[in-house]
Each structure stands twice: as C-alpha cells, then as structure tokens.
1. For the range 151-264, take the convex hull of the Cα atoms, compute a quarter of its surface area, and give me that in nm², please.
2. Please give the net charge around V54, taking every other residue with its beta carbon less than 15 angstrom from that of V54, where Lys and Arg add +1 and Asp and Glu add -1.
3. What are the extents of the Cα atoms of the range 24-146 along their three principal axes, listed from largest to smallest and rounded to whole Å?
4. Around L223, which amide H atoms from residues at least 5 apart in sequence, or from another chain, sit under 5 Å from its own amide H, with H modelled in the peptide plane?
5. Normalise the Debye intensity by I(0) for the range 5-48, one equal point scatterer per Cα, no solvent, then take log10 at q = 0.14, 0.15, 0.31 Å⁻¹ and round to two decimals.
6. From the cross-link list K40/K192; K10/K169; K10/K192; K10/K150; K149/K238; K10/K149, which pairs have alpha carbons spaced over 22 Å apart?
7. No other cysteine beta carbon under 4.7 Å away is the test; run it over the chain and list who passes.
8. For the chain, go through all pairs of different Cα atoms, get the mean of 1/r, take its inverse, and jot down that Kirkwood value in Å.
Amino acid sequence: RGKRQRFVDKNGRCNVQHGNLGGESSRYLSDFFTTLVDLKWRWNLFIFILTYTVAWLFMASMWWVIAYMRGDLNKAHDDSYTPCVANVYNFPSAFLFFIETEATIGYGYRYITDKCPEGIILFLFQSILGSIVDAFLIGCMFIKMSQPKKRAETLMFSEHAAISMRDGKLTLMFRVGNLRNSHMVSAQIRCKLLKSRQTPEGEFLPLDQLELDVGFSTGADQLFLVSPLTICHVIDSKSPFYDLSQRSMHSEQFEIVVILEGIVETTGQ
C-alpha cells in the first residue's frame, strides 16, 4: 500500500498548517523573541549579522554627524583646536572610534574630550543600545544552540509496533531506547490515538485524540531509560482497539503518536 500522509512525522514534525486565522503576522511579531528562536539557522544568522551591521553603521554615522556639525572634520590636524572626538576626521575614522568604544578595545588614539556634551550623551545612548542588542541577540543564539531537540536523535523507537499476548492479555507493544550514556531524568511516555469519529449527536470529529493507557494507573509510564524498554498497552474493554478485529485494523484510518518527555541530564532542559 502507498504511504498515507502522517499527522506527525517520524522526526516529530507536525504536518499542520494554519490558515484563515486573522492577524497571524501581528501575533508572531508580538512575541518576536520566540519567533526569532523558532526560525531556521540561516535566517537567524542573517538577522544577527544584519542587526549588528545596521546598528554599527547608524551609530558611526551619528558620531560623524556630530563631528561634521561642529566643524571638527576641517580642523582635525589643528593642534590648538579641541574637537569632540580626537583624531576623527572622516567616516572611516568615526566608524573605527565606534568599534573601539563598543568592543571596549580603547586603543587610546581616539577619545571623547570634555568639550562635547552631545558626544557624552551619544556615548551613554550607545552603551545602553549596545547592551540591549547584545542581550537580545546573544540570548537568542544561546537558547537556540542549547535547545534539546537534537537530543531526540539518540532516542530510538522500534520501526514497527506489534500486537501479541503477554501475561495472558492481548497487548500492543513497541520498544524505546536511549543511545547515550547520559540519562533522561524523569522520563515519561504517553500515547495518543488520532482517529476520526462521529458523535451520537451526528458531529464529525476529523482528528479526535484518545489517550492510550501505557501504565498510567500502575506507574509504568515513568521510565528508567537505562536499557531499551518495551512499552505495553493492554487491549481490554477500556481500549479504543477493543472492538477492532485483525482485518478491520488494516482498513481503519488512525495514527498512534508516542510522546516521550524528560529532562536532559547534561543540560537540565
């Protein structure tokens, strides 16, 4: 049989596309930090470089404007004249002064003098703006790099689930294992059955979610994931599969989504 479109792919990506919500863009922009973290790496790096480039050029232009308005550019080599910023006589030198100040390099060749109150105000504004940009962008990059999504690559699930007798009960079983030596702390597993159904009132539910009991009542859903474990769902009178035969199970349209949650021991996430 041809493969059907899955609701959740094997890598955990949900095949859901939202539409006709109204004001969707403004909602994403109102939570811009999370939107930026969720972007792909190439867009993160592009925004990172673009933001710093625009901020640097803008602040360097402000220093150049102050020097131009005061006439410092024409008197840069006059030893008897005290400029706003010493040794700033064109835009490249203004840009270098900004970089030295922003990066706290301070070569000592270019510096603000006490004859320039507007330069002192701009310096304070530059320090505040630089701290905000650094905190926002570096924080975003740090969170994105430390996301535990890639940790799931070393969590293995069995390729197929099987139904067999275990302890005298018909049981749906699959296996899960952890490849790394670092543990998954407080690991818990849940299963959702996604299946369309019609209510007694005639309402059609295209993606109804039903919980599959994999040991919630006995605590078996709390995993000590040191070695591969077999997860079991007993098909009893409370199970959604109770009324299905082997033949009808092949023709039914449903999907089982397994959700494994836990804390990564090395990062605490």
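Only the coordinates and a few stated rules stand behind these numbers; no lab work does. The shown structure was predicted, so the numbers you read here are calculated from the model rather than taken from an experiment. We place every Cβ from the backbone using ideal geometry, glycine too, and count neighbours over all the protein chains shown.
1. Directional mean of the projected Cα hull area for the range 151-264 stands at 8.5 nm².
2. Net charge in that neighbourhood comes out at -2.
3. Principal axes ranked by extent give 59, 28, 21 Å for the Cα atoms.
4. Amide H to amide H, under 5 Å and 5 or more residues apart or across chains, L223 pairs with A187, Q188, I189.
5. Taken in order of the listed q values, log10 I(q)/I(0) reads -0.50, -0.57, -0.99.
6. Violating the 22 Å Cα-Cα cut-off are K40/K192; K10/K169; K149/K238.
7. Result for the chain is C14, C140, C191, C232, no neighbouring Cys Cβ within the cutoff.
8. In the chain this quantity evaluates to 24.7 Å.
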